[in-house]
Structures are given as structure tokens and as C-alpha cells.
Amino acid sequence: NGIPILINGQTGTGKSFLAQLMFEYAMQQEIIPPEAPFLIFNCAEYANNPELLSANLFGYSKGAFTGAERDFKGIIEQADGGYLFLDEIHRLPPEGQEKLFLFMDKGIFRRIGESSGWRKANVRFIFATTEKPEVFLLDTFSRRIPIVITIPALKKRPLAEKIKLIYIFFKQEAQSLKKDLRASQQALKVFVNSDFKGNVGQLRNDVKFTCARAYNDYSNEKINTDCIDINLMTLPEHLSNNYVTDEKLKEDAAAKILTEDLIVKAYEDDTPDIFSLINKKQAEAYKTFFNSIVQFSKALLSKNK
């Protein structure tokens, strides 16, 4: 029946995206049927109203409270046979956590207003939060979530991953605009070295804004070429204002790799040479590190003799 999973990470790191991929993988592997639902419930919308939270999660019967004019199927019942993604779980009050205990343990629940009998549902839970789980989760609730995944902030991602994300977002814009893009090495360095508070989500928006501004310049100047130039002038101000000079970047890893403009083809499935270059440099770094460890071990063994 699956295992409850908690995804922890800052805003924009990709928690919702990862949850969606988990669902798609389960469907691809035929763990769940093709018609299985994937529902999203944002706990923040009901943080200050435990009754409304329970009503939306578990449903209610007609006449359960004022305004309940018909039976209502809650989101847990709607998610039967599939996945329920509970976002911003840190906004779920203790009362709400406690009401999930029984269902997570035995798969049974009652709608609000029902006093006898039990309803059943088979739901796989994925929780997400931007906060530290130990701060807001009840111990009895956290024990029911055996898998906790932490997604690192964009600034903590490897250089190769950051560059690949930048390339992917530029590729999407090139396909949308139906034009090739030429991103200058200076602009790429700014993207790589900037601290995006909104993480991957903000990076994507900034790439989209940059391409829109570059396309506007391209259209106004009526340039007779199929390639749109991305440079420092087309970047959002909050990025261009933080531009780091080449002198300060000369020892930076990105500066050693980003030595040429990046051409992004709109209609070709191209993979830039920069990725193979990054992999080569990483392999060289690992080899150097390994050789250093070997030499240190030999020196240590000789000293001990």
C-alpha cells in the first residue's frame, strides 16, 4: 500500500515536482492503475479552521452542521486508489494530525456527522514542508512517516546540475519562441553564481523574463537573424545588479568552464559540450583527490612502521 513520504525543502526547490514524478513512476510501473488520481491539498488554506480542515479531508454527511445541505465526499475518499499530496504540512494543526492517525494506520475513517460504521480507502500519502519536521510534527505523527527526503537549495546543488537546469529552461523558451538563443558567457556566469531565494522556481521565472526581454529587443530592432541574443542587458535587474566581474571570477569553477557563449537550438535535440567538459573536470578532481589519499595513506603507514 505504499509508504508515507515527507519531502522537506525550501520554497521552489521542486517538492511538488518530485511528488508528481513519484505518482507518474508508480503509474508507469503499473503499481497503480492508469485511472488512479493524484490530488493536491494545501494545508495552509485551513490552518486556522480545524473543522473546515476535517470536512475537506474526510467529508461530511447531510445535516452534519449548518450549511451541510448534501453529502460531501472528502479529498481522502476522492484519492482512493491513488496519491494524496498534502502540501505545507507544517500548517496542519495537532488536531488535524491526530485525525489522520487512524486512517494512516488502518485505512478507515468516518465523514463528519457519521456515528457508526467505517468507510475505507487506500491512499498513498506524500507530505511536503519548508520547515524542520521535528519542530511542528507530533512524535506520534512523525513515527508514521518512515521516509524523509530533503531537497537541497539551488545554491547547494553541484555546478553541473545548475548549468543543466539553466540550459533546460533556456531550451524550453527557445522552443516556445521558435528561435535559437545565444546566451553570453557573462550572462551564464551571473545565472550560475546568483543566489536565488526562490530556488529552481525563481531561476525558471528569471530565465523566462530574460528571454521575453531579449525577444522584445529582437523584435524592436528587427534583427535579420534567427538567433536571439541573451546578454547582461536582458537580465532582470536584481541579477544584473549583482554581476561579479571577471577578475573576481577567475578562481571560480564556473569561470573555468563557461569560456564560450551557449547556443540553444530551438529545433535540434542538442547536448552542449559543456556537460562533457564538466564531467571531465569532475573526474579529474576525483582522481586528484584519490591520489592524494593514496599518498597520505602510504606516508602514514611508513610513519607507523
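The values are calculated or read from the model by the stated rules, or taken from the named source; none is laboratory data. Remember, it's a predicted structure, so these values are computed and weren't measured experimentally. Here Cβ is always computed from backbone atoms with ideal geometry, including for glycine, and neighbour counts include all displayed protein chains. For the accessible areas, the whole protein counts, side chains as well, though only heavy atoms, and no ligand, DNA or RNA atoms are used. Shrake-Rupley method; radii C 1.70, N 1.55, O 1.52, S 1.80 Å.
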Calculated FRET efficiency, residue 161 and residue 303, Cβ-Cβ r, R0 35 Å, to nearest 0.05?
0.30
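What FRET efficiency comes out for residue 176 versus residue 147 if R0 is 30 angstrom and r is the Cβ-Cβ distance? Round to the nearest 0.05.
Computed FRET efficiency for residue 176 and residue 147: 0.25.
Longer than 22 Å from Cα to Cα, which of 15/189; 99/120; 62/106; 132/197 are they? Say none if no pair is. Write out the running numbers ahead of the final one.
Numbers: 15/189 26 Å; 99/120 15 Å; 62/106 25 Å; 132/197 18 Å.
Going by Cα-Cα distance, 15/189; 62/106 fall outside the 22 Å limit.
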Provide Rg and Dmax in Å for the chain, with only Cα atoms included in the calculation.
25.7, 86
In what sequence, largest accessible area first, do 204, 143, 182, 124 appear using a 1.4 Å probe?
143, 204, 182, 124
Just the accessible area for residue 226, please: 1.4 Å probe, Å², rounded to the nearest 10?
100 Å²
Under a straight-distance cross-link criterion of Cα-Cα below 13 Å, which aspartates and glutamates are reachable from residue 179, leaving out those fewer than 8 residues away in the same chain?
226, 229, 268
Once the whole set of protein chains is in place, how much accessible area is left on residue 73, using a 1.4 Å probe, in Å² to the nearest 10?
100 Å²
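For the chain, give me the percentage of DSSP beta bridges that are antiparallel, rounded to the nearest 5 percent. Don't skip to the end; give the middle numbers.
On the way: 7 of 29 bridges.
Expressed as a percentage, antiparallel bridges in the chain total about 25.
Report, in debye and to the nearest 20, how large the dipole of region 102-188 comes out about its Cα centre when Lys and Arg carry +1 and Asp and Glu carry -1 on their Cβ.
On the way: 18 positive and 8 negative charges, 55 e Å.
It comes to approximately 260 debye.
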Tell me the label-point distance for the pair residue 40, residue 241, using the 7 Å Cα-to-Cβ offset, in nm and rounded to one decimal.
3.0 nm
Run down the aspartates and glutamates and flag those whose C-alpha is under 17 Å from the C-alpha of residue 156, throwing out any fewer than 8 positions away in its chain.
195, 252
Calculate the FRET efficiency for residue 208 and residue 73 from the Cβ-Cβ distance with a Förster distance of 35 Å, rounded to the nearest 0.05.
0.40
Per-residue SASA entry for residue 139, accessible area with 1.4 Å probe, Å² rounded to 10:
110 Å²
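How do 238, 90 rank by accessible surface area computed with a 1.4 Å probe, from largest to smallest? Write out the running numbers ahead of the final one.
Working: 238 85, 90 45 Å².
Output order, biggest surface exposure first: 238, 90.
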Could you check how much of the accessible area of the chain is carbon and sulfur, as a whole percent, using a 1.4 Å probe?
51 percent
Taking all pairs of distinct Cα atoms, average 1/r, flip it, and tell me the Kirkwood hydrodynamic radius of region 78-159 in Å to one decimal place.
14.6 Å
Could you state the accessible area per residue of the chain in Å², with a 1.4 Å probe and every protein chain left in place?
59 Å²
